[in-house]
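Read through the structure below, which is laid out as structure tokens, and then see the notes.
The values are calculated or read from the model by the stated rules, or taken from the named source; none is laboratory data. Quick caveat, the model's predicted, so the values are computed rather than measured. Positions of Cβ are backbone-derived with ideal geometry, glycine not excepted, and every protein chain shown enters the neighbour counts. Quick note on the areas: whole protein, heavy atoms, side chains included, nothing else; ligands and nucleic acids left out. Shrake-Rupley method; radii C 1.70, N 1.55, O 1.52, S 1.80 Å.
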Amino acid sequence: WDSELTPARLGGEHTIRFGTFLPDAGVFDAQAFNLPAVEAALLDPQHRLLLELSAEVFVKPSSSIDDGASRSLQWHSASAFVGASSTDYGHLAQQIRSKSSPTAYDATAATLSVASGRLSYTFGLRGPAITVDTACSSSLAAGNCAVGALRAQACHSALVGGVNLALLPDTPLMFQAAGMLSREGRCKTLSAEADGYVRAEACGVMLLTTQPAAFGDMASSRPCAVVAGSAVNQDGRSSALTAPNGPAQSEVLMAALKDASLEQLSALAMHGTATPLGDPIGGVWTDAFEGQVAVGCAFPVRQKCRRLSFPLYSEGGKNLTGCIGRDTTSRGKII
């Protein structure tokens with residue numbers, strides 16, 4: 001959108017000027033995925049990005065999408081878990097739809113629930129296909145679902161994706177009104193001058209499997225890391241609907257550590273909202289893991305750990321893209 005123009009529906013408010021955006025996010029080779037031009041034109045760019053990155057996992061450079069699907073059919077129990085929360089394109093599609101007759105593709109082209117199903121359909125994955133929307137933790141929750149499915153033997157491999165595109169000025173204005181966004185365009189995590197985060201676009205896909213030998217037939221390289229454990233909970237009754245709850249977050253971190261049976265940490269990645277609500281809790285935990293304060297729940301951390309905070313805050317896709325970033329810099333490590 002044009003930040004110099006103020007749509008009438010925004011009540012005179014100026015649009016947000018800061019953000020990190022993917023170039024040409026809407027560019028898509030529909031023919032490679034055997035999609036009709038009409039469907040491709042209506043397809044949410046978030047679906048397009050997930051398809052393209054998943055193809056990089058399944059399809060070798062010299063092969064076609066159909067070859068990748070045929071090979072993945074040998075993995076008939078593989079699953080697809082997607083974390084996504086942005087519905088901007090759906091709202092844009094509604095505006096376009098009001099000026100033209102609806103088509104059969106309108107029902108699926110911009111629906112978040114279809115994002116995971118589209119991956120399963122395209123690559124022949126017959127395990128569970130689930131899209132998770134838990135706001136900024138969407139991709140992390142999707143990953144936790146994948147770990148649970150693998151442990152329950154509901155599948156032996158799981159494609160996990162996270163995506164976020166910012167396509168409308170309305171959404172950031174809502175976040176700015178709630179005090180979430182930095183008016184200076186700088187994410188100053190753990191700083192006394194922190195005044196919010198900067199929105200970002202991102203997409204990431206990774207493959208989790210209980211059969212490492214399967215990587216030998218994939219376009220991707222050898223395994224990046226081992227997922228030792230995971231946990232998810234909710235803040236419950238906090239000071240406000242969107243406010244974090246310190247004790248609840250302590251509980252889920254301890255649950256993840258217990259699930260992983262870890263006694264030593266080398267790095268702790270923060271959520272990094274750079275807000276007066278989120279930073280104090282994150283700061284307490286990083287200080288605790290560095291042995292500076294107690295957190296009310298004993299856990300023998302035998303090594304001081306590095307704080308990791310990535311400069312991109314891509315909301316629904318943040319956790320997965322951050323995880324992939326850590327994997328590529330710490331290949332072979334336990335997460």
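Remarks
- Any chance residue 93 is at negative phi and either exposed (fewer than 14 other Cβ atoms within 10 Å of the Cβ) or in contact with a Pro (Cβ under 8 Å, 6 or more places away or on another chain) (or both): no
- Among the residues of the stretch 105-142, those that are out of contact with any Phe, Trp or Tyr (no Cβ under 9 Å at 6 or more places or on another chain), open to solvent by 40 Å² or more (accessible area, probe 1.4 Å) and closer than 21 Å to residue 44 by Cα comprise 105, 107, 108, 111, 113, 121, 133, 134, 135, 137.
- Boolean, residue 217 is at pLDDT below 80 and either over 30 Å from residue 76 (Cα atoms) or open to solvent by 70 Å² or more (accessible area, probe 1.4 Å) (or both): no
- Selection of the stretch 257-282 for residues being at pLDDT 80 or above and open to solvent by 30 Å² or more (accessible area, probe 1.4 Å) yields 258, 259, 261.
- Summed over the stretch 128-186, residues that are farther than 21 Å from residue 51 by Cα and touching a Cys at 6+ places or on another chain (Cβ under 6 Å) total 1.
- You will find that of 187, 145, the residue that is closer than 17 Å to residue 226 by Cα, touching a residue at least 12 places away in the same chain (Cβ under 8 Å), crowded, with 17+ Cβ neighbours inside 10 Å and touching a Pro at 6+ places or on another chain (Cβ under 9 Å) is 145 and no other.
- Meets criteria (open to solvent by 50 Å² or more (accessible area, probe 1.4 Å) and either in contact with a Phe, Trp or Tyr (Cβ under 8 Å, 6 or more places away or on another chain) or at pLDDT below 90 (or both)) for residue 212: yes
- The stretch 172-196: number of residues that are outside any loop (DSSP other than H, G, I, E, B), closer than 15 Å to residue 20 by Cα and touching a helix residue (DSSP H, G or I) at 6+ places or on another chain (Cβ under 9 Å): 1
- Lone unmet requirement of (1) open to solvent by less than 30 Å² (accessible area, probe 1.4 Å); (2) modelled with pLDDT of 70 or more; (3) of a type in the set (Val, Ile, Thr) for residue 65: (2)
- The residue that is modelled with the highest pLDDT, among those in the stretch 93-114 that are part of a loop (DSSP other than H, G, I, E, B) and over 12 Å from residue 39 (Cβ atoms), is 111.
- Within the set 27, 38, 57, the sole residue that is touching a strand residue (DSSP E or B) at 6+ places or on another chain (Cβ under 6 Å) and either modelled with pLDDT under 90 or open to solvent by 70 Å² or more (accessible area, probe 1.4 Å) (or both) turns out to be 57.
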